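A.B. asks: To start, I am sharing the structure in question, which I have written as structure tokens.
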Amino acid sequence: SDYHRGTTIHGLTKKGVLQARQAATAVAELVDRERIKDLLILSSNFTRARQTAQECLSALERLLAYEVSHLDQRENVEFKLQIDDRLIERGFGDLDATKITNYNYVWPLDLYDARHQVFGVESVDS
């Protein structure tokens with residue numbers, strides 16, 4: 001996606017916010033409670049990715065705060081969110097800001113040649 005568009009528009013839908021918050025439960029189950037205080041969340045600067053990370057992180061903090069207050073098991077934890085501009089989505093050239101179904105023209109070409117740049121897309125090989 002175009003960097004300017006991707007970092008300024010296309011935020012989460014209500015469903016996306018809910019899914020990001022639900023992901024906090026999965027993260028909490030995957031990370032050892034003794035090491036959870038060391039958790040670092042990395043995200044690209046793209047709006048959807050950044051909002052997903054923020055919503056998940058916030059829900060995770062609330063979940064652990066609940067455990068602290070009701071189960072008296074551990075100290076409060078604040079997690080770190082790091083935005084990394086190197087984490088970007090693939091550029092789709094002329095297809096950026098068009099109907100998402102237009103991307104369907106690219107996938108078969110990717111299978112045939114990972115270096116192609118038809119429509120000005122960033123190649124899979126890049």
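A.B. asks: In degrees from 0 to 90, rounded to the nearest 10, what is the angle of the helix 47-71 Cα long axis to the longest principal axis of the chain?
C.D. replies: It is inclined by approximately 10 degrees.
A.B. asks: Same structure again: When the Karplus curve 6.51 cos²θ - 1.76 cosθ + 1.60 is applied with θ = phi - 60°, which whole-Hz ³J(HN,Hα) does each residue of the stretch 18-26 get, with x for Gly and Pro?
C.D. replies: Each residue of the stretch 18-26 in turn: 4, 4, 5, 5, 5, 4, 4, 5, 5 Hz.
A.B. asks: Moving to a separate point now. Ignoring ligands, DNA and RNA, please state the percent of accessible area on the chain from carbon and sulfur, probe 1.4 Å.
C.D. replies: 53
A.B. asks: Report the relative contact order of the chain, percent, no decimals, based on alpha-carbon pairs under 8 angstrom and at least 6 residues apart.
C.D. replies: 27
A.B. asks: Mind checking which of Val27, Gln51, Ile41 is farthest towards the positive end of the stretch 21-62's charge dipole, using Cβ charges of +1 (Lys, Arg) and -1 (Asp, Glu) about the Cα centre?
C.D. replies: The residue sitting farthest along the positive end of the dipole is Gln51.
A.B. asks: Could you give the longest part of the chain that holds none of the GluC sites (Glu not before Pro) found in DSSP loops with at most 11 neighbouring Cβ atoms within 10 Å?
C.D. replies: The segment 79-126 is the longest one with no such site.
A.B. asks: Same structure, new question: Rounded to the nearest whole Å², what accessible area per residue is found for the chain with the 1.4 Å probe?
C.D. replies: With all protein chains present, the chain gives 69 Å² per residue.
A.B. asks: Now, a different point. List the aspartates and glutamates whose Cα lies under 12 Å from the Cα of Lys14, skipping any in the same chain that are fewer than 8 positions away.
C.D. replies: Lys14 reaches Glu55.
A.B. asks: Quote the charge dipole size of the stretch 29-126 about the Cα centre in Debye, to the nearest 20; the model charges only the Cβ of Lys and Arg (+1) and of Asp and Glu (-1).
C.D. replies: Dipole of the stretch 29-126, to the nearest 20 debye: 140 debye.
A.B. asks: Over all directions, average the projected area of the Cα convex hull of the chain and note it in nm².
C.D. replies: Mean shadow area of the hull around the Cα atoms is 9.3 nm².
A.B. asks: Let me ask another. What is the list of residues in the stretch 35-67 whose amide nitrogen lies under 19 Å from a point 7 angstrom out from the Cα of Lys14, following Cα to Cβ?
C.D. replies: Under cut-off, by backbone N: 52, 55-56.
A.B. asks: So how far apart, in nm, are the two label points at Val124 and Leu42 if each is 7 Å from Cα heading toward Cβ?
C.D. replies: 2.3
The values are calculated or read from the model by the stated rules, or taken from the named source; none is laboratory data. Quick caveat: nothing in here was measured; it's all calculated off a predicted structure. For neighbour counting, all protein chains shown are included, and Cβ atoms are generated from backbone atoms with ideal geometry for every residue, glycine included. The protein model used for the area step is the full one, side chains on, heavy atoms only, and it has no ligands, DNA or RNA in it. Shrake-Rupley method; radii C 1.70, N 1.55, O 1.52, S 1.80 Å.
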